[in-house]
Amino acid sequence: MPQSLAQIYLHVVFSTKHREPHLQDRSLREQTHTYLTGTCRNLDSPPIRVGGVEDHVHILCRLAKTLCAADLVRELKRESSKWLKEQSPELTAFYWQSGYGAFSISPGHVERLTAYIANQEEHHKAETFQDEFRRLLALYEIPYDEEYVWD
C-alpha cells in the first residue's frame with residue numbers, strides 16, 4: 001500500500017499588529033499559547049512548543065503532510081484572533097501582523113529550539129522582537145525589505 005510520509009519541523013514566528021503588547025497579562029498569554037497548541041493539534045500539525053511574550057509568539061510543530069506553511073499560519077492566526085477577541089472587551093480590536101516567519105528546523109535542533117522558546121521572557125529582556133526577527137532572517141539567509149516586514 002502506498003504511503004505519504006513526512007516529518008517537517010516548522011518554527012513559526014509572528015507578532016501582534018504593530019507589536020502592541022496585547023498579551024501582557026501572563027494568564028491570557030498562557031491561555032493563548034494553549035489555544036494555539038490546540039489549534040495545531042486540530043490541524044494535524046503536532047505542537048512541540050508554543051511560547052512568546054506580550055507582542056509575539058513562537059510555534060514549533062511538525063507540519064501536517066496535507067498543509068503548506070501558509071495555510072497553517074492563516075488558520076492559527078484566524079482561530080486565535082477570533083478567540084482572543086471573545087476574551088475581553090479590550091481585545092475587540094486585536095489583530096496579528098499580516099506577515100510571519102516560517103523556518104524549517106532539522107531534527108537535531110528541535111531540543112535547542114524548544115528550550116529557546118521556553119525561555120522567551122528572559123531572552124527578551126536583552127533583545128527586541130524586531131532584532132530577534134532580523135537575526136532569524138539573517139540566520140536563514142532570507143532576503144527582505146525592511147519597509148514591508150513590519151505592520
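Numbers at a glance
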quantity	calculated
Boolean, His58 is closer than 24 Å to Ala115 by Cβ, in a strand (DSSP E or B) and under 13 Å from the mean Cα position of the chain (by Cα)	yes
Test: residue in the stretch 97-111 that is among the hydrophobic types (A, V, I, L, M, F, W, C), closer than 17 Å to Lys17 by Cβ and either touching a residue at least 40 places away in the same chain (Cβ under 8 Å) or surrounded by 18 or more Cβ atoms within 10 Å (Cβ to Cβ) (or both)	no
Hits in the stretch 72-96 (condition: surrounded by 12 or more Cβ atoms within 10 Å (Cβ to Cβ), under 15 Å from Gln31 (Cβ atoms) and of a type in the set (D, E, K, R))	Glu79, Lys85
Sole residue being modelled with pLDDT of 95 or more and over 17 Å from Ser15 (Cα atoms), chosen from Arg62, Arg135	Arg62
Failed condition for Asp44, given (1) within 17 Å of Thr16 (Cα to Cα); (2) outside any strand (DSSP E or B)	(1)
Qualifying residue in the stretch 61-80 (condition: under 21 Å from Tyr144 (Cβ atoms) and assigned to a strand (DSSP E or B))	no
Count of residues meeting criterion [within 17 Å of Val53 (Cα to Cα), assigned to a loop (DSSP other than H, G, I, E, B) and touching a strand residue (DSSP E or B) at 6+ places or on another chain (Cβ under 9 Å)] in the stretch 94-142	6
Test result for Ser27, among the small types (Gly, Ala, Ser), without any contact (Cβ under 8 Å) to a residue 60 or more places away in the chain and either in contact with a strand residue (DSSP E or B) (Cβ under 8 Å, 6 or more places away or on another chain) or farther than 17 Å from Trp96 by Cβ (or both)	yes
Of the criteria (1) within 21 Å of Arg134 (Cα to Cα); (2) under 13 Å from the mean Cα position of the chain (by Cα); (3) surrounded by fewer than 16 Cβ atoms within 10 Å (Cβ to Cβ), which one Ala115 fails	(2)
Within the stretch 35-59, tally of residues that are touching a strand residue (DSSP E or B) at 6+ places or on another chain (Cβ under 8 Å) and either among the hydroxyl-bearing types (Ser, Thr, Tyr) or exposed (fewer than 15 other Cβ atoms within 10 Å of the Cβ) (or both)	4
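The values are calculated or read from the model by the stated rules, or taken from the named source; none is laboratory data. On a predicted model such as this, the values are computed, not experimentally measured, just so you know. Neighbour counts are summed over all protein chains in view; Cβ atoms, including those assigned to glycine, are modelled from backbone coordinates with ideal geometry.
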